[in-house]
Each structure stands twice: as structure tokens, then as C-alpha cells.
1. Are any of the residues in segment 205-224 in a strand (DSSP E or B), within 16 Å of the ligand (Cβ to nearest atom) and under 23 Å from the mean Cα position of the chain (by Cα)?
2. Answer with yes or no whether Phe174 is aromatic (Phe, Trp, Tyr), within 16 Å of the ligand (Cβ to nearest atom) and closer than 27 Å to Ala94 by Cα.
3. Can you find a residue in segment 49-60 that is within 16 Å of the ligand (Cβ to nearest atom) and of a type in the set (Val, Ile, Thr)?
4. As an exercise: evaluate Glu234 against (1) acidic (Asp, Glu); (2) over 19 Å from the mean Cα position of the chain (by Cα); (3) more than 16 Å from the ligand (Cβ to nearest atom) and give the number of the one condition it does not meet.
5. Identify, by number, the condition in (1) more than 24 Å from the chain's Cα centre (by Cα); (2) in a loop (DSSP other than H, G, I, E, B); (3) among the polar types (S, T, N, Q); (4) over 30 Å from Asp238 (Cβ atoms) that Ser451 doesn't meet.
6. With respect to the numbered conditions (1) under 24 Å from Thr493 (Cβ atoms); (2) open to solvent by less than 40 Å² (accessible area, probe 1.4 Å), which one is the sole condition not fulfilled by Ala370?
7. What number of residues within segment 487-509 satisfy the criterion of being part of a loop (DSSP other than H, G, I, E, B) and open to solvent by less than 10 Å² (accessible area, probe 1.4 Å)?
8. Go through segment 81-148 and tell me which strands (runs of 3 or more DSSP E), entirely inside it, have 3 or more residues that are under 26 Å from Ala206 (Cβ atoms) and within 22 Å of the chain's Cα centre (by Cα).
Amino acid sequence: MTVLHRHLACFLALMSICLFAGSPQDGDYNQPYRPQFHFSPRVNWTNDPNGLVYFEGEYHIFFQYNPFGDQWGHMSWGHAVSTDLVHWKELPVAIPESDGVMIFTGSTVVDRTNTSGFCTGGKPCLVAVYTGHTPESASGKPLQTQNLAYSNDRGRTWTKYSGNPVLDLHMSDFRDPKVFWSEQGKHWVMAVSLPDEHKVRFYGSADLKKWDHLGDFGPEGSVAGQWECPELFELPVDGHAAQTRWVLKIGLNPGALQGGSGEQYFIGHFDGTRFVNDNPPSLQLWTDYGKDCYCALTFNGLPKTPLPARSQTQPLVPVPTMIGWMNNWQYAGKLPTSPWRGQMTFPRKLALGTTDEGLRLIQLPSDAIAKLHTSPLTRLIGTEKEVNKRLARRNHGDKMVDLTSTITLGGAKVAGLRLLSGDGSYTLVGHNRERRELFVDRTNSGETGFSKDFPARVSAPLTLSNPGQLQIRILVDRSSIEVFAEHGRLVMTELVFPRQNGRRIAVYSEGGALGGVSLRIWSVASIW
Ligand code: FRU
């Protein structure tokens with residue numbers, strides 16, 4: 001190597017350090033509101049998770065990313081990987097905006113048999129299917145088309161397909177392809193949104209390049225806003241691998257249940273070409289009854305694992321796992337965080353369960369969270385007063401906990417927990433017996449003034465399976481709470497920006513005395 005070569009090598013090494021956004025520096029992930037066990041990019045803006053895929057021992061999360069600032073713009077696919085679904089390593093931007101075309105939301109598949117012709121060396125490769133968004137096309141209007149990019153090095157580098165776009169309807173709004181391999185249809189299926197028509201359009205393909213229109217779903221359910229980010233997946237019913245239904249989940253913005261953006265879902269049958277809703281078209285079901293879960297996506301390519309044992313003869317199936325953008329378009333650009341803006345939900349495992357109202361989506365935190373539990377587990381059992389006395393003595397150190405409470409309602413009309421409290425602010429999670437509802441009240445949760453839509457009390461109907469008892473599990477991070485009530489039957493996700501000392505937990509009640517309280521609290525370690 002000549003001196004010149006050495007200088008060049010040094011210069012390139014320095015450049016790669018500068019360009020590489022990923023390696024965390026001390027303090028990078030320790031700002032007061034920085035999520036400690038939820039993924040957020042080190043710097044800059046993110047919205048939807050994209051292309052979630054498991055491949056050769058790694059979970060990949062791609063995400064809508066602006067590499068140049070903390071507001072929406074220059075949309076590209078950011079990238080992070082994890083081997084355990086909890087610790088993420090951010091990598092350089094995977095698919096950048098280029099030639100004035102932004103890289104909007106989409107999905108990634110593992111092409112195991114080289115159906116696309118993109119895979120080299122006789123090995124499977126990754127193919128990303130995304131919406132190309134041209135703000136001002138030749139027609140003078142925006143143009144959205146579906147496009148491909150592929151990687152033969154475990155997602156480290158990506159090549160945009162020279163034959164892009166693979167689908168062009170010459171429309172301004174046509175986006176967010178979710179692609180997966182359909183065993184029933186023996187072809188690739190794409191679910192993609194026609195946002196203003198409130199339709200999800202289905203296409204089939206043998207090679208990911210040529211797509212045939214199979215049919216449309218919608219309008220059904222809520223059509224209050226644009227339909228975005230369609231997602232279709234199969235789930236076992238009540239834990240029986242042989243008995244399944246399909247869930248079609250659709251983002252709605254604005255006009256969702258709690259205002260702004262939110263997601264509805266439909267349960268039905270899918271034969272590889274057509275989705276048929278099992279419920280009346282007017283029935284509205286919501287994946288999350290809080291304000292802050294949007295464009296959630298499930299992982300493609302997950303390994304097969306045993307279902308929770310019902311019988312030894314059950315086939316192995318993947319545990320469908322979903323991550324959403326923990327945010328709402330109402331105020332996403334105003335969140336008081338820096339130098340990043342936007343974060344993801346904790347991964348959730350999905351199931352379908354029979355309830356009194358019918359079949360419903362069940363969501364719980366992925367079991368991977370156990371990797372972050374730091375011992376010892378705190379168990380507190382007693383009256384409200386006793387438990388609160390012990391909670392007051394307990395030093396939580398930081399704000400992050402995974403907490404499960406079982407509250408016997410006794411004579412109380414309202415029962416729940418006061419979280420992230422301190423310096424006069426707190427967030428309430430509770431159940432109102434008369435109104436039969438679960439609520440989260442963040443009107444006094446700390447920093448709330450950055451948007452009029454933020455300081456809200458949101459609620460959702462909840463009939464308790466045991467009328468005298470409320471069961472809730474809550475993940476609390478530095479700037480979010482995810483509430484899973486009744487073993488995952490009702491979920492509410494809310495961002496919160498508590499004061500510096502806001503980390504205390506207390507049980508609370510109104511209108512009478514609680515019958516008793518049982519709490520299990522794990523401290524959750526930081527992933528950074
Ligand atoms: C949803 C969404 C998608 C689009 C992306 C652009 O949040 O509007 O429909 O692809 O964000 O960033």
C-alpha cells in the first residue's frame with residue numbers, strides 16, 4: 001500500500017465513521033424523554049415502521065426516516081437490526097430518496113427460491129416493496145407507484161430494481177404495499193391502499209415484478225379519513241393452529257376513534273385472492289384504543305415456534321409479532337424531543353380470542369421483554385393503603401417498568417393506577433365501573449402544551465371478564481405507556497412527557513374502598 005493509498009484509506013475510514021449514524025455514543029440515548037426500551041433513531045425524524053422481516057438470525061426494522069432533519073421530509077428507509085427483538089443496532093440508511101422520488105412505506109419479503117431472479121449465489125435474498133412518492137411528477141401532480149429494491153448481503157446494501165415501478169396506476173394516492181407469500185394462492189400477495197376510495201386492493205404475482213389485480217376490499221368500517229398502511233395476516237383462533245382467521249388492519253387518518261390517526265381491523269377469511277369480512281360492514285373494531293399507535297406492521301419470515309401448549313400434536317407456527325409507530329399525525333411534528341423525533345411501540349405478539357362480543361384481536365408484549373427484566377420482581381399484595389405505603393418506599397431508580405396489577409374493585413367506582421407521578425404531574429390509567437370503560441388521562445401528565453390535541457383523556461368500552469376484578473399490564477418507558485387490559489383484550493398506547501421526577505407509581509380509587517390489590521413489578525433495563 002502506497003502512502004497515497006494509506007491516506008485515501010484513512011480518509012475513507014473517517015468518512016464512513018461520519019456517515020454511519022448507528023454506533024451509539026455515551027449520552028446519545030440518555031435524554032430525559034429518550035425511550036429506553038423502545039426503538040427510536042439516534043437522531044432525526046421517523047414515522048411508520050417499514051419492511052419488518054426476520055432473516056438469518058436477525059430481526060430487521062426499517063422505518064420512514066428523514067436523514068436530514070427532525071421534521072417529515074426526504075423520506076427514506078432507515079434501518080436497524082436486532083438478534084433478540086429488544087436490543088437494536090442502527091445501521092446506515094438502507095434505501096435513500098433519490099432522483100426526487102421519496103421512499104414511502106412498504107414491506108420486505110424473504111425470496112427463498114429466487115422467484116424474483118434478484119438472488120445470487122443460490123441463496124435466498126431480501127426484496128423490499130415500497131411506494132415511490134414523486135411530489136411533483138410530469139403531470140404537475142404527485143405520483144405514487146409501487147417499486148422494488150433487493151439485497152444479497154443480509155440487508156446491508158440495497159439495489160433499486162431497474163424496471164421500477166412495478167405498479168403504476170397514474171394516481172396521486174396509491175400506497176403502502178404489504179407483501180407476503182400466500183400458501184393458499186401459491187403466489188405473492190400484495191395488499192395496497194387506495195386511500196381516498198377507502199379500498200384495499202389485492203394483487204398476485206409469481207415473481208414480485210408482474211402483478212395481477214385480484215380484487216378489492218372496502219369501503220367498510222370507518223371511512224372518516226384516508227386509508228393507509230393496510231396489513232393482512234393469519235392468526236390461530238383460541239390457540240388452535242388448525243383453525244385460523246385473517247385480520248385485515250387498516251390505518252385511518254384523520255378521523256380515527258381518538259382523533260387524528262388510528263387503526264381499525266376486520267376479521268375474516270382470505271383464500272389467497274379475496275378477503276371477506278366475517279362481521280357486518282358497519283362494525284368498527286380498533287387495534288388500539290389509545291391515541292398513539294399507527295401503521296403497525298407484522299414481521300415477515302418469522303421462525304416457527306410451538307404455540308402455548310394445548311396439545312402436543314399442534315404444528316409449529318410463527319408467533320405473529322407487530323410493531324407500530326407510537327405517535328399520532330395530530331402532533332407528531334411537535335413532540336418536545338431532540339435530537340430525534342418519533343419512536344416505535346414495543347413488539348407485540350398477536351392472537352385471536354373468543355370473547356363475549358365475538359372474536360377479537362389479542363395483543364400482549366412480546367415475551368422477549370423478559371430479557372430486560374431486572375431482578376428482583378417486586379410483588380405487593382394488600383389493601384390500597386398498604387400497597388401504596390410500600391410503593392412510596394420503593395425506589396424505582398428509573399421510570400421503566402413492566403407492571404401487572406390485579407385490583408379487586410370492592411366498593412370503588414373508579415380503580416386504577418397513577419403513573420409517572422412527581423412534581424405535581426401524573427398519568428392516570430383506570431376503570432370506571434358505571435361507565436364500563438377503561439381510560440387513560442394524560443391531561444396533567446407533564447409537558448402537554450405543545451399541541452391542543454395532546455392533553456386528552458381517552459376511553460374505551462371494557463366489560464370485565466370477572467366483574468369484580470380489573471387486570472391490567474402496563475409497560476412504562478420514559479415517554480410512553482402501553483396498557484394491555486384483560487390479558488390483552490383491550491390495548492391503549494399513549495405518549496407522555498413527565499416531569500424530571502415523575503416516576504412514582506400509586507394505586508388509586510374513587511367512590512369507595514377497593515377490595516384489595518396485587519401488583520407485580522419488574523424494572524426494565526435500558527436497551528442502549
Ligand atoms: C402513514 C403514511 C403512509 C406513507 C408514509 C409517508 O403514516 O402517510 O401512508 O407511506 O406515511 O411517510
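The values are calculated or read from the model by the stated rules, or taken from the named source; none is laboratory data. The structure displayed is predicted, hence computed values, not measured ones. We place every Cβ from the backbone using ideal geometry, glycine too, and count neighbours over all the protein chains shown. Areas reflect the complete protein model, heavy atoms only, side chains present, ligands, DNA and RNA absent. Shrake-Rupley method; radii C 1.70, N 1.55, O 1.52, S 1.80 Å.
1. no
2. Yes; evaluated as a whole, the condition is true for this residue.
3. For segment 49-60, residues within 16 Å of the ligand (Cβ to nearest atom) and of a type in the set (Val, Ile, Thr): absent.
4. Going through (1) acidic (Asp, Glu); (2) over 19 Å from the mean Cα position of the chain (by Cα); (3) more than 16 Å from the ligand (Cβ to nearest atom) one by one, Glu234 breaks only (2).
5. (1)
6. (2)
7. Final tally of qualifying residues: 5.
8. Counting at least 3 such residues, we get 102-111, 125-134.
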